[in-house]
Amino acid sequence: MDIILVPGFWLDASSWSEVTPPLVKAGHGVHPLTLPGLESIDAPREGIGLRDHIDAVIAAVDGIDGPVVLVGHSGGGAIIHGAVDARPERVARAVYVDSGPLAAGGVINDELPAEGDEIPLPPWDGFDDADLVDLDNELRAAFRARAIPQPRGVAYDKQHLTDERRFDVPATVIACEFPSSVLTEWVESGHPYVAELARIHDVEYVDLPTGHWPQFTKPAELGAAILAAVER
């Protein structure tokens, strides 16, 4: 199986490097992506929006023969969902890592403070404590050293979806910051935060207790969880 890995905000393809070994060892094709505007600190970010990132994932799907699994971390969950909507017949499974599908009209996070056309990685005190579980000082320093400003439009733009076949694509949610039981309670109660997730016909939940960046705090466990989802 070909697996396309989409990073969350401020990260490029290399952020998956400690997650991919078990996937490669199992014989899967692994395709971590660096999305437009995230190529380097100096890359241009003007005019890059959510659709540009979705289109980059669609291009990766179109460049592969056969079915693919899409994996999206954090804001990457909204991006892979846009690609699922565009190519539902090509996606065997969507895996949301501490994230979920973003419904039409929603935005990833328009409260992140922007500086012109970009959003730098905020200070750590701007994050909830749950985000930072297991992200010790060494990991925080390494993350900040590699962080690339996120194009503002990706965070602020509205999601556009058109094909309800997206709900037929099986999904796996890897829950990190809070247990999957919370998500299932929200689904059952009709919470608007999970309205799009609730419409997917086949969803499995996997608990991986840690903070918001399991690719750094528990990479081996995340790799194993993704592998299990791929081989489901």
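What the table below lists for this structure:
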quantity	calculated
Failed condition for Ile119, given (1) over 18 Å from His212 (Cβ atoms); (2) crowded, with 16+ Cβ neighbours inside 10 Å	(1)
Considering residues of region 104-147 that are hydrophobic (A, V, I, L, M, F, W, C) and without any contact (Cβ under 8 Å) to a residue 40 or more places away in the chain only, the residue nearest to Ala13 (Cα to Cα)	Ala145
Residue within region 21-29 that is within 15 Å of the chain's Cα centre (by Cα) and closer than 22 Å to Ile174 by Cβ present	no
Single match in Asp157, Asp129 (criterion: out of contact with any Ser or Thr (no Cβ under 6 Å at 6 or more places or on another chain) and surrounded by 13 or more Cβ atoms within 10 Å (Cβ to Cβ))	Asp157
Residue list for region 143-166, restricted to those being aromatic (Phe, Trp, Tyr) and out of contact with any Asp or Glu (no Cβ under 9 Å at 6 or more places or on another chain)	Phe143
Residue satisfying all of: in region 182-225; over 22 Å from Arg146 (Cβ atoms) and among the polar types (S, T, N, Q); surrounded by the fewest Cβ atoms within 10 Å (Cβ to Cβ) among these	Ser189
Meets criteria (of a type in the set (A, V, I, L, M), modelled with pLDDT of 95 or more and exposed (fewer than 15 other Cβ atoms within 10 Å of the Cβ)) for Ala171	no
Residues within region 144-177 that are of a type in the set (D, E, K, R), outside any helix (DSSP H, G or I) and under 26 Å from Asp55 (Cα atoms), tallied	3
Cβ-Cβ under 8 Å pairs, at least 6 apart or on other chains, region 151-171 side in contact (Cβ under 8 Å) with a residue 60 or more places away in the chain and at negative phi, far side acidic (Asp, Glu) and in a strand (DSSP E or B)	Pro151/Glu118; Arg152/Glu118; Pro170/Glu204; Ala171/Glu204
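Quick grid of which residues meet (1) more than 24 Å from Leu222 (Cβ to Cβ); (2) over 18 Å from the mean Cα position of the chain (by Cα):
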| site | (1), (2) |
| --- | --- |
| Glu115 | yes, yes |
| Pro122 | no, yes |
| Pro151 | yes, no |
| Val154 | no, no |
| Arg165 | yes, yes |
| Ala175 | no, no |
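Rundown of residues vs (1) in a loop (DSSP other than H, G, I, E, B); (2) in contact with a Leu (Cβ under 8 Å, 6 or more places away or on another chain); (3) more than 20 Å from Phe178 (Cβ to Cβ), yes/no style:
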| residue | (1), (2), (3) |
| --- | --- |
| Pro101 | yes, yes, no |
| Gly105 | yes, no, yes |
| Ile108 | yes, yes, no |
| Leu112 | yes, no, yes |
| Ala130 | no, no, no |
| Leu135 | yes, no, no |
| Glu138 | no, no, yes |
| Ala142 | no, no, yes |
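The values are calculated or read from the model by the stated rules, or taken from the named source; none is laboratory data. This one's a predicted model, so the numbers in the text were calculated from it and none came from an experiment. Backbone-built Cβ (ideal geometry, glycine too); neighbour counts: all protein chains shown.
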